[in-house]
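Down below is the structure, laid out as structure tokens.
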Amino acid sequence: MSSTDDRRFEILHAIVTDFVGTHEPIGSKALVDRHQLGVSSATVRNDMAVLEEQGYITQTHTSSGRVPTDKGYRLFVDRISEIKPLSAAERRAILSVLDSGVDLDDVLRRSVKLLAQLTRQVAVIQYPVLSTARVRHLEVVALSPTRLLLVVITDNGRVEQRMVTLREGADDDTLVRLRTMFSQALDGQRLEDASVAVADLASQAPPELQEPVVTIATVLVETLVERGEDRLVLGGTSNLARSAADFTPATGGMDTVLEALEEQVVVLKLLAHTQRTGQVTVQIGEETNTENLRNTSVVSTGYGASGTVFGSVGVVGPTRMDYPGTIASVAAVAKYVGEVLADR
């Protein structure tokens, strides 16, 4: 890239940074006063005219300064060379908050609350996707001779509990045999494979265990087959009120953004762009392909452990956001959510 292009990007960088901080159109005089650009005011004005012609900035009113366009934000994000890492104290604080969660639901609620506080945006996290999970443990607990509690724990922290009612009571020896059979069939299996293994047990069970095995297998198969709906946890929707001025009446205002966020399928579609851990995706304005979110950006990434993606986590906010800080916060929270759930 030529020195002229480098200088123009430096000017774009300054416009984005100042506009995010002030929400005021940026003029050439302000740029010269605030930044050590090393060129004259006339050169800055000429460069701004070129940036506007190229579609990176625009003039909201004839007499006003310039503001970044979606294309300008995209170039800015694409050229972020280094994300400032969180401090050791910030990392410890995040891990402490998440590690204190009592179960999966609590960890996810804490995650979105924390991410919303860090970014001052709307935070969203997807529940672990069952198709990617493996069975870590199966427990069969006798509540009475004819009533059993099945507890399936997956490696992504998900816990499924189901009640089973048997026609005839099961003694301790029968319970041990049932627990052993199902544990061996399920241990370490991916859920989609586990359901097949459980179904096979029904045809392989000895005659004296046929009835309880079939009953338990039927319940487990229904539990292990992935549910058609994915669940999300949202937090920090009140943060949108701080950015009400960013959502123009021409695109429906803030209400249309809230309506879009209430449609889980819309949010899941946005998060579907994130398929890997350690890689943050930024969708800006029109890139969301969602009419009600034309004035927003979505910053998201996958969370998980050992190369397995459990789900996605991210934030939704106005295109005028602190991209470097937001990207760093999303990446950090995703990293620690994956670690916490993998350790449970």
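The values are calculated or read from the model by the stated rules, or taken from the named source; none is laboratory data. In this text the structure is predicted, and so the values were computed from the model without any measurement. No Cβ is skipped: glycine too gets one built from the backbone with ideal geometry, and neighbour counts run over all protein chains shown. Just the protein is used for accessible areas: all its heavy atoms, side chains included, with ligands, DNA and RNA removed. Shrake-Rupley method; radii C 1.70, N 1.55, O 1.52, S 1.80 Å.
Quick notes on this one:
- Residue match in segment 110-117 (condition: open to solvent by 20 Å² or more (accessible area, probe 1.4 Å) and of a type in the set (S, T, N, Q)): yes
- Flag for VAL233 being of a type in the set (A, V, I, L, M, F, W, C), modelled with pLDDT of 90 or more and touching a helix residue (DSSP H, G or I) at 6+ places or on another chain (Cβ under 9 Å): yes
Residue-by-condition table, conditions (1) in a helix (DSSP H, G or I); (2) in contact with a Pro (Cβ under 6 Å, 6 or more places away or on another chain); (3) under 27 Å from GLY21 (Cβ atoms):
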site	(1), (2), (3)
LEU261	yes, no, yes
GLY304	no, no, no
GLY325	yes, no, yes
ALA328	yes, no, yes
ALA332	yes, no, yes
TYR336	yes, no, no
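- Candidates ASP18, ASP33 - the one that is open to solvent by 40 Å² or more (accessible area, probe 1.4 Å), assigned to a helix (DSSP H, G or I) and charged (D, E, K, R): ASP33
- Only one entry of GLU139, GLU192, GLU208, GLU222 meets the criterion of being part of a helix (DSSP H, G or I), of a type in the set (Asp, Glu), farther than 30 Å from THR319 by Cα and modelled with pLDDT of 85 or more, and that entry is GLU208.
- If the condition is being open to solvent by less than 10 Å² (accessible area, probe 1.4 Å) and under 11 Å from ALA260 (Cβ atoms), then segment 282-300 contributes THR288, LEU293, THR296, VAL298.
- Of all residues in segment 182-191, those satisfying the criterion of being open to solvent by less than 80 Å² (accessible area, probe 1.4 Å) and farther than 14 Å from VAL141 by Cα are ALA185, LEU186, GLY188, GLN189, ARG190, LEU191.
- Selected residue (criterion: farthest from the chain's Cα centre (by Cα)) from residues of segment 301-324 that are closer than 23 Å to LYS84 by Cα and open to solvent by 30 Å² or more (accessible area, probe 1.4 Å): ARG320
- Residue in segment 74-122 that is nearest to the chain's Cα centre (by Cα), counting only those that are in a loop (DSSP other than H, G, I, E, B) and under 30 Å from ALA244 (Cβ atoms): GLN121
- For GLU211, the conditions (1) under 29 Å from the mean Cα position of the chain (by Cα); (2) surrounded by 14 or more Cβ atoms within 10 Å (Cβ to Cβ); (3) of a type in the set (Asp, Glu) all hold with the exception of (1).
- Members of segment 49-73 found to be over 36 Å from the mean Cα position of the chain (by Cα) and either open to solvent by less than 50 Å² (accessible area, probe 1.4 Å) or more than 23 Å from ASN295 (Cα to Cα) (or both), listed by number: ALA49, VAL50, SER63, SER64
- Those residues of segment 74-108 which are exposed (fewer than 14 other Cβ atoms within 10 Å of the Cβ), modelled with pLDDT under 90 and closer than 15 Å to ASP343 by Cβ, in sequence order: SER96, SER100, VAL102, ASP103
- Breaking point among (1) without any contact (Cβ under 8 Å) to a residue 24 or more places away in the chain; (2) at positive phi, for SER306: (1)
- Some residue of segment 152-175 being surrounded by 12 or more Cβ atoms within 10 Å (Cβ to Cβ) and assigned to a helix (DSSP H, G or I): yes
- Conditions (1) outside any loop (DSSP other than H, G, I, E, B); (2) touching a Leu at 6+ places or on another chain (Cβ under 8 Å); number of the one not met by PRO128: (1)
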